[in-house]
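Read the structure below first, then the notes.
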Amino acid sequence: MTVDYHVHSLGHGDRKHIISELRPFLDKAKTMGLKDIGFADHDRYLDNINFKNYEELSREYSHINIRVGLEFEYFPHLVYEMSRVIQRHNFDYTIGSVHFLGDWNFDHPDHMNQYKKWNVEDFYTKYFQTVLGCIETGLFNIAGHIDLAKVFNYRVEQTKVLKLIEPVLAEIKLQSMAMEINTGGLYKPVNEIYPSMDIIKMAVKRDIPLTISSDAHRFEDVGRNSGMVVEILKELGVKWVAGFNKGHMVEIPLD
Ligand SMILES: [Zn+2]
Ligand SMILES: [Zn+2]
């Protein structure tokens, strides 16, 4: 059994949230043999989500668990606002993600020229400090693509990355969160899953719950490579992945 906890039904905000556009996501989830599909659109499109649609689809697709979450854009100065959004909604789960350092959207190809302004080590340090701040808020259930800094292949020694990630993993554990294995990176310049195998192994060693994510922005990509991730996790002796129901983590056996 597998899951996909990171699906963007609204894509990049270019679609409407209507049943006929959502059904293909569920059909694809069925084809991919998913037990759970988690919709986690970007928080900036929150107002475009019609939550009733998910209820209707849950009745129609009774063999798949539809979970409803949101991918939050972590900004240190907006923690209170984010907590209010979570209080006002009945999410099954939330993802905390860092795509911005200050006002720089560092994972967007249109803003790549700004890498020139950074020493790459300082960039990684700043990125992981920001991720740590995101986790420390205690607002989120899933840590999103935690080594996203590698997206355009700006690299530092992996030992440096592992040193920077150590306190991040400790905090994920402390907050009883899950870490996602996000296969979206396979389709980015880095051409790797997030996070790297070294980090996945560190998380497994620390008994951090893991979940599986495609980061699909189109229905065609739902569940993409989830079978591969299941195989990786089984190799590492992982027996279950994390799912979420009304804010509670549930264990989903991999067999
Ligand atoms: Zn993201
Ligand atoms: Zn995403």
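Things to note:
- Top-ranked residue of the range 12-45 - restricted to ones that are within 16 Å of ligand 1 (Cβ to nearest atom) and loosely packed, with under 15 Cβ neighbours inside 10 Å, ranked as nearest to A143 (Cα to Cα): R44
- Options T183, T211; residue that is within 16 Å of ligand 2 (Cβ to nearest atom), in contact with a helix residue (DSSP H, G or I) (Cβ under 7 Å, 6 or more places away or on another chain) and among the polar types (S, T, N, Q): T183
- Long-range neighbours under 7 Å by Cβ, at least six apart or interchain, first residue under 14 Å from N182 (Cβ atoms) within the range 226-241, second open to solvent by 40 Å² or more (accessible area, probe 1.4 Å): S226/M32
- Qualifying positions in the range 142-182 - among the aromatic types (F, W, Y) and open to solvent by 60 Å² or more (accessible area, probe 1.4 Å): Y154
- Residues being open to solvent by 10 Å² or more (accessible area, probe 1.4 Å) and touching a Leu at 6+ places or on another chain (Cβ under 7 Å) - total across the range 209-227: 1
- Single unsatisfied condition, D255 versus (1) away from ligand 1 (no atom under 16 Å from the Cβ); (2) at pLDDT 95 or above: (2)
- In the range 84-98, the residues that are closer than 17 Å to D215 by Cα and of a type in the set (G, A, S) reach residues that are within 16 Å of ligand 2 (Cβ to nearest atom) and part of a loop (DSSP other than H, G, I, E, B) with C-beta atoms within less than 8 angstrom, at least six apart or across chains, in these pairs: G96/Y74; G96/F140; G96/G144; S97/Y74; S97/G144; S97/H145.
- So D4, is it of a type in the set (D, E, K, R), loosely packed, with under 13 Cβ neighbours inside 10 Å and under 19 Å from I95 (Cβ atoms): no
This table checks each residue for (1) in contact with a Ser or Thr (Cβ under 8 Å, 6 or more places away or on another chain); (2) within 25 Å of N191 (Cβ to Cβ).
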site	(1), (2)
R15	yes, no
K28	no, yes
D47	no, no
S58	no, no
H63	no, no
R67	no, no
L78	no, no
N90	no, no
D103	no, no
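- Elements of type helices (runs of 4 or more DSSP H) in the range 42-136, at least 2 residues being within 16 Å of ligand 2 (Cβ to nearest atom): 120-136
- When the range 151-172 is filtered for residues that are farther than 25 Å from V3 by Cα and within 16 Å of ligand 1 (Cβ to nearest atom), only F152 remains.
- Scanning the range 27-74 for residues that are among the polar types (S, T, N, Q) and within 13 Å of H89 (Cα to Cα) turns up just one, N50.
- Considering only residues in the range 59-78 that are of a type outside the set (K, R) and over 22 Å from the mean Cα position of the chain (by Cα), the one that is least open to solvent (accessible area, probe 1.4 Å) turns out to be Y61.
- Scanning the range 17-39 turns up no residue that is charged (D, E, K, R) and within 16 Å of ligand 2 (Cβ to nearest atom).
- Flag for S9 being assigned to a loop (DSSP other than H, G, I, E, B), surrounded by 18 or more Cβ atoms within 10 Å (Cβ to Cβ) and not basic (K, R): yes
The values are calculated or read from the model by the stated rules, or taken from the named source; none is laboratory data. The structure presented is a predicted model; accordingly, all values stated were derived computationally and were not measured. With ideal geometry, Cβ positions are generated from the backbone for all residues, glycine too; neighbour counts draw on all protein chains shown. Side chains are part of the model used for accessible areas, which takes the heavy atoms of the whole protein and leaves out ligands, DNA and RNA. Shrake-Rupley method; radii C 1.70, N 1.55, O 1.52, S 1.80 Å.
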